[in-house]
Amino acid sequence: DLKKLPTEPATELSRFAVRSPFTGRIIKKDIVLGEVITNAKEIFVVADLTTVWIDLDLYRKDSDNVKKGQKVIITLPSHRQLPEAVIDYVAPLVDEKTRTTRARVIVNNEDEELRPGTFITAEIITKEIEAGVVIDRDILQEVGGQTCVFVQDEHGFEPRPVRLGGTNARKVEIIAGLSPGELVVVKNGFRLKAALETGIGSGCSTPGHVH
């Protein structure tokens, strides 16, 4: 459209429509009133934010386990999790300065909650296994040098030593010490731990209950 300017009547030069080749939002403006521009001048940057790329930086020790098509759990700064996404691309090279490898996820952003430059947290699922008992990691308590959970029974709360299996950032598998269906303390377990250590016993191996 800029090439047509010299041939337009002078009355048309006071206002000229600059049309974007696609629908989007203006994310950058580089023009001021009265400025002379040419065909090479970039005056606006328009972006379609309904779909965005999320770039993930992977440490070298982790990058070999990340493959295209793996599921990704993305958590926003607001702590809201996005619908499940997948790895779309893994760079073949390592950045010389950061010593990281870049992976990319493409996600739907029709509500435009994700803005360019936003930092997010991503958990890549590199392997899935069947697990009988899985609990949140923050349920675990260290009592007397042993890893325990507090289990509710007819007498109160019993500290139970457990053996851990597979784990990720949020969950942990229990392979011994806890059966499906047993009631465990999921919040404020540290208070039961304090009561046990100061009033009853020295650890999970010491018989005792907290009431």
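The values are calculated or read from the model by the stated rules, or taken from the named source; none is laboratory data. Only a predicted model underlies this, so the values are computations on that prediction, with no experimental measurement involved. Ideal geometry is used to build each Cβ from the backbone, glycine not excepted, and the neighbour counts take in all protein chains shown.
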Condition test on Ser202, is it over 30 Å from Leu58 (Cβ atoms) and either at pLDDT below 80 or among the aromatic types (Phe, Trp, Tyr) (or both)?
-> yes
Is one or more of the residues making up the stretch 147-157 within 28 Å of the chain's Cα centre (by Cα), at pLDDT 85 or above and among the polar types (S, T, N, Q)?
-> yes
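Residue-wise test of (1) surrounded by 13 or more Cβ atoms within 10 Å (Cβ to Cβ); (2) modelled with pLDDT of 90 or more; (3) aliphatic (A, V, I, L, M).
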residue: Lys28; (1), (2), (3): no, no, no
residue: Ile37; (1), (2), (3): yes, no, yes
residue: Glu42; (1), (2), (3): no, no, no
residue: Thr50; (1), (2), (3): yes, no, no
residue: Leu56; (1), (2), (3): yes, yes, yes
residue: Lys61; (1), (2), (3): no, no, no
residue: Val66; (1), (2), (3): yes, yes, yes
residue: Val72; (1), (2), (3): yes, yes, yes
Within the stretch 95-122, the residues that are under 17 Å from Leu58 (Cα atoms), surrounded by 14 or more Cβ atoms within 10 Å (Cβ to Cβ) and not basic (Lys, Arg) are Thr100, Thr101, Ala103, Val105, Ile106, Ile120, Ala122
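For a quick check of your reading: which strands (runs of 3 or more DSSP E) sit entirely within the stretch 24-87 and have at least 2 residues that are outside the structural domain of Arg170 (by TED's automatic domain parsing), within 30 Å of Thr126 (Cβ to Cβ) and in contact with a helix residue (DSSP H, G or I) (Cβ under 9 Å, 6 or more places away or on another chain)? Give the steps one after another, and end with the answer.
Working: elements: 25-29, 44-47, 51-59, 71-75.
Strands (runs of 3 or more DSSP E) meeting the threshold: none at all.
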Kindly list, by first and then second residue, each pair from a residue in the stretch 27-51 that is under 27 Å from Gly117 (Cβ atoms) to a residue that is surrounded by 10 or more Cβ atoms within 10 Å (Cβ to Cβ) and hydroxyl-bearing (Ser, Thr, Tyr), limited to pairs with Cβ atoms under 6 Å and residues at least 6 apart or on different chains.
-> Val46/Ser20
